[in-house]
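Input: a single structure, listed below in structure tokens.
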Amino acid sequence: MIKGKKIVLGITGSIAAYKAAVLARILIRKGAEVQVVMTPAGKEFITPLTLSTLTSKPVISDFFARRDGTWHSHVDLGLWADLMLIAPASASTIGKMANGIADNMLITTYLSMKAPVFIAPAMDLDMFAHPSTQKNLDTLRSYGNHIIEPSEGELASHLIGKGRMEEPERIVEELEKVFAQSQDLKGKKIMITAGPTYEKIDPVRFIGNYSSGKMGYALAEDCAERGAEVTLISGQVNVSTVNPNIKKISVESAEDMYNAAIKEFPSSDAAILCAAVADFTPELVSDKKIKREKEDLIIKLKPTKDIAASLGKMKTENQVMVGFALETNDELNHAKDKLERKNLDFIVLNSLNDKGAGFRHDTNKITIFDKTNVIEFTLKAKKEVAKDIVNHMVKLIK
């Protein structure tokens, strides 16, 4: 899977830099083209000469190659690469990446990178466990970066704990998995709904919910990265799309979302219904702002059209449909009931009783139900949760 791939290998100031030589050698043997970019501190641990000999390319470390105006273009590197791997990644570099502190060639290359980025942390156990490091790693995950967790063992301090950079062979396995997945949805059309719906009361007020759209947008990005043509039907959110393979249709109300979904679904291979759609909408909408002229205001509501149920009736045997259930009580029974009633292939359950799951969070904790399986997952960043969901969907599409 790595043969012919162009990989930027970033090396930072860590004793684990010696492993980068083995890593570069494995990548080269598997047919990759490797360009090393080092921080100044990285050169204190392993020499550019060693890495240049292994990769047959000059190592890039400084912005400027000579005093004649020649310079290294981090933008060109970002366009050239199929993947960027930073191994080892020190706490300092992780902090700079998370906060956009572009004071060396490695960070500017990272900020210009169009390809997937993998980060293999390496540091002492207390540094790795420190809240600032964990927060920075969570931030990098939220950007869509892949974190290759360090292993436990003896560290440079001779303490025992988590912080050892993962072994080169294991890191390469992770890269191969990504390249294997990279086009597993190529040629497929995926429709995704995301975000809240707003049901108007009058020109300035509405009934809504707390959905941020983060989960739906993470799903859209993951599907697009894997080669799918994605149609994202989105309520009003403060999240934007990145991948050009995503066509976004903005909607406001449940009626708007229903009409868009009914139109787009017949040409889709799969649909992921992640939006938090209102179940009820006002029967009457005032064309003027309602004034507070009395102590109470009674708003009569009527049911909205059930998008999942309607699509479930339209679904053919060649289509896959994924639903979501956000529950506050009796979660399992509600999810199983929804799976059957709405003709879903599987359903993703989140419970608001799980800390860090549900609306507004960057993390989520899910359980996947299909006709025969119940699969529980740990709390993860929503971008990682999206991969778990899409991995399950891909099996059904195939």
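The values are calculated or read from the model by the stated rules, or taken from the named source; none is laboratory data. The structure displayed is predicted, hence computed values, not measured ones. Cβ: placed from backbone, ideal geometry, glycine included. Neighbour counts: every protein chain shown. To get the accessible areas, we keep the full protein, side chains included, count just its heavy atoms, and leave off ligands, DNA and RNA. Shrake-Rupley method; radii C 1.70, N 1.55, O 1.52, S 1.80 Å.
Just to verify a result, which residue in the stretch 21-38, among those that are more than 20 Å from residue 115 (Cα to Cα) and not charged (D, E, K, R), is surrounded by the most Cβ atoms within 10 Å (Cβ to Cβ)?
My answer is 21.
Which condition number in (1) in contact (Cβ under 8 Å) with a residue 60 or more places away in the chain; (2) over 19 Å from residue 260 (Cβ atoms) is the one that residue 349 fails?
(1)
Listed residues 139, 109, 133; which is touching a His at 6+ places or on another chain (Cβ under 9 Å) and in contact (Cβ under 8 Å) with a residue 40 or more places away in the chain?
109
Given 344, 311, 349, which one is open to solvent by less than 70 Å² (accessible area, probe 1.4 Å), closer than 18 Å to residue 216 by Cβ and in a loop (DSSP other than H, G, I, E, B)?
Testing whether each residue is open to solvent by less than 70 Å² (accessible area, probe 1.4 Å), closer than 18 Å to residue 216 by Cβ and in a loop (DSSP other than H, G, I, E, B) leaves just 344.
If I filter the stretch 174-225 down to residues being touching a helix residue (DSSP H, G or I) at 6+ places or on another chain (Cβ under 9 Å) and in a strand (DSSP E or B), which single residue comes out as most open to solvent (accessible area, probe 1.4 Å)?
Result: 189.
When residues of the stretch 281-308 are filtered for being surrounded by 10 or more Cβ atoms within 10 Å (Cβ to Cβ), more than 30 Å from residue 344 (Cα to Cα) and in contact with a Pro (Cβ under 8 Å, 6 or more places away or on another chain), how many remain?
Final tally of qualifying residues: 3.
May I ask you to list pairs of residues, at least six apart or on different chains, whose Cβ atoms are under 8 Å apart, with the first in the stretch 46-60 being within 16 Å of residue 19 (Cα to Cα) and the second being assigned to a strand (DSSP E or B) and of a type outside the set (A, V, I, L, M)?
55/35
Give the residues of the stretch 234-273 that are more than 17 Å from the chain's Cα centre (by Cα), among the aliphatic types (A, V, I, L, M) and surrounded by fewer than 16 Cβ atoms within 10 Å (Cβ to Cβ), sorted by residue number.
Answer for the stretch 234-273, where residues must be more than 17 Å from the chain's Cα centre (by Cα), among the aliphatic types (A, V, I, L, M) and surrounded by fewer than 16 Cβ atoms within 10 Å (Cβ to Cβ): just 262.
Going by the structure shown, is residue 116 at negative phi, crowded, with 17+ Cβ neighbours inside 10 Å and either at pLDDT 95 or above or among the hydroxyl-bearing types (Ser, Thr, Tyr) (or both)?
Considered against the rule, which asks whether it is at negative phi, crowded, with 17+ Cβ neighbours inside 10 Å and either at pLDDT 95 or above or among the hydroxyl-bearing types (Ser, Thr, Tyr) (or both), residue 116 comes out as no.
Go through the stretch 44-55 and count every residue that is assigned to a helix (DSSP H, G or I), open to solvent by 70 Å² or more (accessible area, probe 1.4 Å) and under 15 Å from residue 13 (Cα atoms).
1
Within the stretch 382-398, which residues are surrounded by fewer than 17 Cβ atoms within 10 Å (Cβ to Cβ) and not charged (D, E, K, R)?
The answer is 391, 396.
Go through the residues of the stretch 366-387 one by one and say whether even a single one is assigned to a helix (DSSP H, G or I) and in contact with a Leu (Cβ under 7 Å, 6 or more places away or on another chain).
Yes, the conditions are met somewhere in the stretch 366-387.
Tell me which residues, restricted to the stretch 3-13, are within 20 Å of residue 170 (Cα to Cα), in contact (Cβ under 8 Å) with a residue 40 or more places away in the chain and open to solvent by 10 Å² or more (accessible area, probe 1.4 Å).
Correct list: 5, 6.
Go through the stretch 315-341 and count every residue that is outside any helix (DSSP H, G or I), open to solvent by less than 50 Å² (accessible area, probe 1.4 Å) and over 13 Å from residue 273 (Cβ atoms).
Residues flagged as outside any helix (DSSP H, G or I), open to solvent by less than 50 Å² (accessible area, probe 1.4 Å) and over 13 Å from residue 273 (Cβ atoms) within the stretch 315-341 amount to 1.
When you check residue 276 against the structure, is it open to solvent by less than 50 Å² (accessible area, probe 1.4 Å), under 25 Å from residue 211 (Cα atoms) and touching a helix residue (DSSP H, G or I) at 6+ places or on another chain (Cβ under 8 Å), yes or no?
No: the conditions fail for residue 276.
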